[in-house]
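Take a look at the structure set out below.
What follows is calculated from the coordinates using simple rules that are stated; it is not laboratory data. Treat the numbers as computed from the prediction; the structure is a model and nothing was measured. Every residue, glycine as well, gets a Cβ built from its backbone with ideal geometry; the counts of neighbours run over all protein chains shown.
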Amino acid sequence: MRRRAIVFHGTGADPGACWYGWLAGRLRERGWEVEVPHHPGTNIEPVATFLPRVLAAHAFDGRTVLVGHSGGAALLLALLEELGRRGVTVAHAVLVAGYHRPPGAEEEPVLRPGYDWDLVRGAARELTFVNSVRDPYGCDAQQGLEMLEHLGGTLVVRPSGHFGDADDPCPQLPLLERLVT
């Protein structure tokens, strides 16, 4: 059985941004099925109305690895919670520059007011958080630590920025390839 990965881009991004295409290519070279969908509503539409379309657009099972960046990582929390509610478990979820509470003063439509952490935890056999000590948007190591405390898993803290934005394009992220495979 082939492993599958779905890479969810961040807020305002698209599948061609930063390391998304690079990771997809590296995984395909290893025989993986990979989706890098374009979900322009990420962190623009309220997650309650956006999430059903995401769920309908993709298949999730025990061979699936989910990778989310920034707003896409925050989306994974709601997605995993719903998968847990449905009794679906994925192989691994990797949240890069992820967060569970607003990282700044502005509201974040991708976030739920609270999470059923048991459902989130139960929907992934493995959870990995990759955060930075110098994230300019507040998706930082403290957010990663808080998610680790709620969910368990593995936290990787790097001295990087946001792992992909205008100031830190990050066209490749070899660490992520190692974590996923």
* Under the Kirkwood approximation for Rh and a Cα-based Rg, what ratio Rg/Rh is obtained for the chain? -> 0.92
* Rounded if a/c is under 1.5, else prolate if a/b beats b/c, else oblate: with a ≥ b ≥ c from the C-alpha gyration tensor eigenvalues square-rooted, which is the stretch 70-163? -> oblate
* Near the amide H of residue 154, under 5 Å away, which other amide H atoms are found, from residues 5 or more places off or on another chain, if H is placed in the peptide plane? -> 127, 128, 129
* Structure fact -> For residue 34, the residues 5 or more places away or on another chain with a placed amide H closer than 5 Å to its own amide H are 5
* To do: With θ set to phi - 60°, apply the Karplus curve 6.51 cos²θ - 1.76 cosθ + 1.60 along the stretch 10-24 and write out the HN-Hα couplings as whole Hz, x wherever there is a Gly or Pro.
  => x, 4, x, 9, 8, x, x, 7, 5, 8, 4, x, 4, 4, 4
* How big, in percent, is the set of alpha carbon pairs in the stretch 30-101 lying more than 18 Å apart? -> 35 percent
* **Debye, to nearest 20: dipole size of the chain, +1 on Lys, Arg Cβ, -1 on Asp, Glu Cβ** => 800 debye
* Return 156, 130, 90 ranked ascending by Cβ neighbour count within 10 Å, so the fewest neighbours appear first. => 156, 90, 130
* Under 5 Å between amide H atoms, partner at least 5 residues away or on a different chain: which partners does residue 60 have, H built in plane at 1.01 Å? -> none
* Per residue of the chain, what 222 nm ellipticity follows from adding -39500 (n - 2.57) for every DSSP H run with n ≥ 4, rounded to the nearest 500? -> -9500 deg cm²/dmol
* To do: Within 10 Å of each residue's Cβ, count the other Cβ atoms and sort 89, 154, 11 from fewest upward.
  => 154, 89, 11
* **Whole-percent pair-distance distribution, where bins are 10 Å wide, for the alpha carbons of the stretch 1-64** => 21, 47, 29, 4
* Low-density loop positions, trypsin sites (Lys or Arg not before Pro), the stretch 39-106 - DSSP coil, at most 15 other Cβ in 10 Å -> 63, 86
